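These notes are about the structure you will find just below.
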C-alpha cells in the first residue's frame with residue numbers, strides 16, 4: 001500500500017498537481033495494519049495537511065479486508081459520500097495462532113463496511129486471487145485494485161501519468177503495468193477478466209454454506225478414498241441414524257438438524273485420522289504436486305520434514321518426536337505406501353500397533369457408543385447439550401503428544417457435559433406437602 005501511495009504521488013507530481021502523503025505503518029513488520037493518507041489537489045499550495053480527517057475521505061482503497069473494516073479506516077468515511085473498493089481476499093490474521101477455532105469474519109466485515117459507507121458505495125472483489133492467476137504474484141492485487149478504481153473515475157489523475165510513475169518506480173514494471181490494465185478492464189467487464197484468470201466463470205465466493213446432504217455426501221466419498229466403501233457406509237449409517245432420531249424429535253417441517261450436522265462433521269474427523277497411509281495418499285494423489293506447479297515456476301527442489309513413528313528420535317525435554325529431512329525420493333516411497341491402506345486396522349498393520357493409532361481407533365468406537373447413548377436419552381430439553389457433546393471431537397487436533405493432551409482435555413469436558421445432560425434430562429420431582 002505504501003508503494004501505491006508513492007505511485008499516486010509521482011503521477012500527481014508529473015501532472016503538476018499537489019500531493020500530500022502520510023504513511024501510518026505502525027507495527028506492520030509484526031503483522032499490523034498499514035494505512036496511507038493521500039490528498040491530491042490542483043496545486044501544491046492547496047495541500048495543507050496530508051492526513052485525511054474523520055468523515056472526509058472521497059475514496060478508500062482497501063487492499064486488506066480486515067484492515068479496511070477496522071475502526072481507523074472506517075473513521076474516515078462519510079456515509080453516502082465515500083466510495084470504497086475493497087479486496088475481499090481472506091488473509092488469515094495472527095488471531096488464528098492464538099485461537100484454533102477462529103473463523104475469518106468475511107460477512108461481518110463486509111456488512112460493517114456497507115453499513116458505514118451506505119448502500120451502493122462499496123464494491124468488493126478478490127483482486128489478490130485474480131491477480132495471482134493472471135500474473136503469478138499476489139502483490140499485483142493492489143495495482144489491479146488501483147486500475148479498477150481509475151476506470152471507475154475515482155482517481156483524479158491520468159492513466160498516462162500513472163503508467164509513467166510505474167515505469168519510473170523501476171520495480172516489476174511490466175507486471176505492475178499489466179496489473180493496472182487488467183484492473184481497468186475488470187471495471188468494465190469483470191466476467192472476461194475472470195475467464196482469462198480461471199478459464200471459466202468462477203464466483204467470487206460461495207453464496208451459501210453446503211447443505212447437510214451435500215456435506216454428508218462429500219465426506220462419504222472422501223472416506224471411500226480414505227479406506228473403502230464399507231468404511232464409508234459405516235459413516236453414513238451413523239449419520240442417518242442420528243438424522244432419523246432428530247427428525248422424530250423436531251418434526252419434518254424444520255430443515256435444521258444441528259445434532260446431525262455435528263455428528264456428520266465429528267464422525268468424519270475421527271474416522272479420517274491422518275495415519276501414515278493417509279499422509280502418503282494425500283502427498284501423492286496429484287493435488288500436492290499440482291499446487292506446487294501453480295505456485296512456482298520451473299522444477300522446485302522438494303524437501304519433506306517428517307517424523308516417522310517407528311524410528312524417530314524424541315526431544316529429551318519435550319518428549320515430542322524430532323522431524324527428519326527427506327529428499328524427493330520419499331514421494332516415491334509414499335506412493336507405494338499409499339497402496340497398502342487396505343492393511344489399516346488389520347493385524348498386518350505395523351503402524352497401527354503404535355499407541356497413537358490404537359487411541360485413534362478407540363476414539364471412533366467410543367464416539368459411536370456415545371452417540372448411541374445420546375439418542376437413547378435424547379429429548380427437546382437436552383438437544384443443545386447433546387450437540388455440544390457430539391461436537392467435542394472438533395477440538396481434537398495435532399499429532400502425537402499434542403493430540404493426546406487434546407484428547408485428555410476433551411474427555412474432561414465430555415464428563416462435565418454428560419453431567420449437565422443428565423441434570424437437564426432428569427424429571428423434576430413434585431415438592432412434598
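Taking the average, over residues, of other Cβ atoms within 10 Å as the packing measure, peptides 292-305, 411-424 rank 411-424, 292-305 from highest down.
Counting only alpha carbon atoms, the long axis of helix 173-188 and the longest principal axis of the chain meet at about 80°. Protection proxy ranking of 398-408, 4-14, 261-271, by the mean of other Cβ atoms within 10 Å over each peptide's residues and highest first, is 261-271, 4-14, 398-408.
Return, ordered by residue number, the residues of segment 39-59 whose backbone nitrogen is under 17 Å from a label point located 7 Å along Cα→Cβ of residue 164. Under cut-off, by backbone N: 41-44. Here segment 298-313 is scanned for amide nitrogen atoms under 17 Å from the site 7 Å beyond the Cα of residue 343 along Cα-to-Cβ, giving 308-312. The C-alpha atoms of the chain define a longest principal axis, and helix 258-271 lies at about 80 degrees to it.
Here are labelled values, (i) 0.96; (ii) 1.06; (iii) 0.98, and one is the computed Rg/Rh (Cα atoms, Kirkwood Rh) for what I pasted. Which one? Correct label, based on the coordinates given: (ii). Rounded to the nearest 10 degrees, the inclination of helix 141-151 to the longest alpha-carbon principal axis of the chain is 50 degrees. Pair-distance distribution of segment 2-198: all C-alpha pairs, bin width 10 Å, starting at 0; shares per bin in whole percent are 9, 34, 39, 16, 2, 0. A simple spin-label model places the labels of residue 217 and residue 287 1.9 nm from each other, with each point 7 Å out along Cα-to-Cβ.
Each 5 Å bin from zero holds the following percent of Cα-Cα pairs in segment 276-341: 4, 15, 20, 24, 16, 11, 7, 2, 0.
In plain terms, the chain from residue 279 to residue 362 could stretch by 27.9 nm, reckoned as 0.36 nm per residue minus the Cα-Cα distance. With q set to 0.18, 0.19, 0.25 Å⁻¹, the log10 of I(q)/I(0) for segment 115-189, from the Debye formula over equal scatterers at the Cα positions, is -0.69, -0.75, -1.13. Restricting attention to the chain, close to 60% of DSSP beta bridges with both partner residues there are antiparallel.
Over all orientations, segment 212-284 has a Cα convex hull whose mean projected area works out to 4.8 square nanometres. When each of the peptides 55-61, 182-188 is scored by the mean number of other C-beta atoms lying within 10 Å of its residues, the order from highest to lowest reads 182-188, 55-61.
No value in this document is a laboratory result; all are computed from the given coordinates. All values reported here derive from a predicted model rather than from experimental measurement. Methodologically, a virtual Cβ is constructed for each residue, glycine included, from the backbone with ideal geometry; neighbour enumeration extends over all protein chains shown.
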